[in-house]
Amino acid sequence: MSEIDDLVQKLNVNIPRYTSYPTAPQWNQIEKSLFHKKLQDRDAAQPMSLYIHIPFCHSMCLYCACSVVLNRDPEKEERYVQALLQEIELAAELVKPGTFINQIHFGGGTPTKLSVGQLSRIIEVLYYHFNVLGDAEVSIEIDPRTVAADEGIKLRSLREMGFNRVSFGVQDTNEEVQEAVKRRQSFDMTKKTFLKARSLGFSGINIDLIYGLPCQTVDTFTTTVEQINSLKPDRIALFSYAKVPHIKPHQKAIPDSLLPSTVDKFAIYKRAREGFIQGGYTAIGMDHFAAEKDPLAERFHSKTLLRNFQGYTLYSGEDMLGLGLTSISFMTDGYFQNRKELDGYYSSIDCREVPLERGLILTDEDHKRRYVINRLMCDFSVNKSDFKDKFDRDFDDHFEGCLNALNEHIADGLVENRDEAIIVTKKGEMFIRNIASCFDEYLQKTANRPYSKAI
Ligand code: SF4
């Protein structure tokens, strides 16, 4: 095996993706009154983002690790929309009137499984209760299979409702791979939907891909990368297949024998990363790519990117209000997650209570580590004097133990510990989760790691 193959085997441990710190397994039961207070105390002039979760899907893609409710009953979806509208009203009663919103994102599940009328009612209620800024980013995740059959009518309606960004789920364009994961979506369908969205004037189009799926090889995925490059999306997310059958039992239907080995999976990832960089994209973090003129690339170069549950973001107000089943809010210094079962979610809403299940208030130490992990994930570096300015602590003194843990990665040429900064090398960029984990106090203390593998 080559040196890089050895490294891949060594670093392929269970590790978080760091869309939050502390990560979700550390969150516990939390008082609803705390959440109320965070919302009530917010300064209305400080913009926040909204995340709306629509959990329904028509059928299960075998790789899926999202919070999904399989459903083909329109009445069930209408029941959910009504509860969601009530939840929006409950939250709006808690925040100060006129609270500014700079970003709205609809995720799932499959948000476009809802009808145009249902989506439009949700948007209307959001705009009624909140002060959505004129230049707000309003985005939605789209399964092309839900908008391909109507000659663009639904896509046009989304544009007219005010959505200005779309994210298309593609995963892989190869038919054998699609068959193996039970998600059939021809490239022709993806291309037509993509071009329709372009012609309708969506200002940003993302494409989501997954590497490490059954039947994938470097060659098949290189073709996928070339096809996606030919469309010229503004952003590409290239996620690792998160194999967590203990949490998502439907994944057991994918035989291990069809999955690429760890070394092959990394080779697929590495080749795809090179393909997107050669195609003119800036690599952001381990798994995101932004076109040269995309604001995300500009923010990456100026080291002003931020990270939240959806990945990378431009928006400076960090607060995010999550609405809907399982959705997560971040308010000032705390994470709050909604209930995960539909019945429990409905019973809270019916009692006019926020449907909160668990959360965590960050300690001072959590804030310091969250800052360092976020800078590493966003900038591939941490400036030690910036840390000192922010927390009034010497970086090297404060993180002595973490720097010891980092030594192994320094020896492998993944990162440098200079006097002024921690700098991740080009090789280390592909292992950024491993490097960031040296600053994760909880991970170091726990043997139970319910995360997917790093590669
Ligand atoms: S991958 Fe997307 S469409 Fe497929 S089951 Fe998961 S959320 Fe639904």
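The values are calculated or read from the model by the stated rules, or taken from the named source; none is laboratory data. Bear in mind that the values here come from a model prediction, so they are computed numbers and not experimental data. Heads up, the Cβs are rebuilt from the backbone with ideal geometry, glycines too, and the neighbour counts pull from every protein chain shown.
Residue by residue, here is whether (1) within 23 Å of Asn308 (Cβ to Cβ); (2) in a loop (DSSP other than H, G, I, E, B) holds:
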position	(1), (2)
Leu34	yes, no
Lys38	yes, no
Cys66	yes, yes
Lys76	no, no
Ala83	no, no
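Please count how many residues of segment 209-245 are among the acidic types (Asp, Glu) and within 19 Å of His288 (Cα to Cα). Walk me through how you get there before you give the answer.
First, pick out the residues of segment 209-245 that are among the acidic types (Asp, Glu): 219, 226, 234.
Narrowing further to those that are within 19 Å of His288 (Cα to Cα): 226, 234.
Within segment 209-245, residues that are among the acidic types (Asp, Glu) and within 19 Å of His288 (Cα to Cα) number 2.
Here the condition is being more than 26 Å from the chain's Cα centre (by Cα), surrounded by fewer than 17 Cβ atoms within 10 Å (Cβ to Cβ) and over 19 Å from Asn28 (Cβ atoms); of Lys388, Lys384, it holds for Lys388 alone. Among the residues of segment 1-57, those that are of a type in the set (Asp, Glu) and either in contact with a Pro (Cβ under 7 Å, 6 or more places away or on another chain) or not assigned by TED's automatic domain parsing to the domain that holds Ser437 (or both) comprise Glu31, Asp41, Asp43.
Of all the criteria given as (1) crowded, with 21+ Cβ neighbours inside 10 Å; (2) within 16 Å of the ligand (Cβ to nearest atom), the one not satisfied by Tyr21 is (2).
The set of residues in segment 36-60 that are within 16 Å of the ligand (Cβ to nearest atom) and surrounded by 20 or more Cβ atoms within 10 Å (Cβ to Cβ) comprises Tyr51, Ile52, His53, Ile54, Pro55, Phe56, Cys57.
Scan segment 98-143 for residues that are over 19 Å from the mean Cα position of the chain (by Cα), within 16 Å of the ligand (Cβ to nearest atom) and part of a helix (DSSP H, G or I) and the total you get is 1. Taken over segment 40-69, the residue count meeting the criterion of being over 18 Å from the mean Cα position of the chain (by Cα) and either at pLDDT below 95 or not hydrophobic (A, V, I, L, M, F, W, C) (or both) is 10. Could we say that Asp219 is among the acidic types (Asp, Glu) and either touching a residue at least 40 places away in the same chain (Cβ under 8 Å) or at positive phi (or both) here? Considered against the rule, which asks whether it is among the acidic types (Asp, Glu) and either touching a residue at least 40 places away in the same chain (Cβ under 8 Å) or at positive phi (or both), Asp219 comes out as no.
Taking Ala290, is it at negative phi and outside any strand (DSSP E or B)? Give the derivation first.
On the way: at negative phi: yes; outside any strand (DSSP E or B): no.
Taking the combined requirement at face value, the residue does not satisfy it.
Please verify whether segment 300-308 includes one or more residues that are within 28 Å of Lys243 (Cα to Cα), assigned by TED's automatic domain parsing to the domain that holds His129 and surrounded by 18 or more Cβ atoms within 10 Å (Cβ to Cβ). Yes, because at least one residue in segment 300-308 is within 28 Å of Lys243 (Cα to Cα), assigned by TED's automatic domain parsing to the domain that holds His129 and surrounded by 18 or more Cβ atoms within 10 Å (Cβ to Cβ).
Take the residues in segment 173-208 that are farther than 26 Å from Asp294 by Cβ and in contact (Cβ under 8 Å) with a residue 60 or more places away in the chain; name whichever of them is farthest from the ligand (Cβ to nearest atom). Here the residue is Ala180. Condition check for Leu85 on (1) in contact (Cβ under 8 Å) with a residue 12 or more places away in the chain; (2) surrounded by fewer than 14 Cβ atoms within 10 Å (Cβ to Cβ); (3) away from the ligand (no atom under 16 Å from the Cβ): one failure, at (2). Taking the numbered list (1) touching a residue at least 24 places away in the same chain (Cβ under 8 Å); (2) under 30 Å from Phe431 (Cα atoms); (3) surrounded by fewer than 19 Cβ atoms within 10 Å (Cβ to Cβ); (4) among the polar types (S, T, N, Q) in turn, Ser2 passes all entries but (1).
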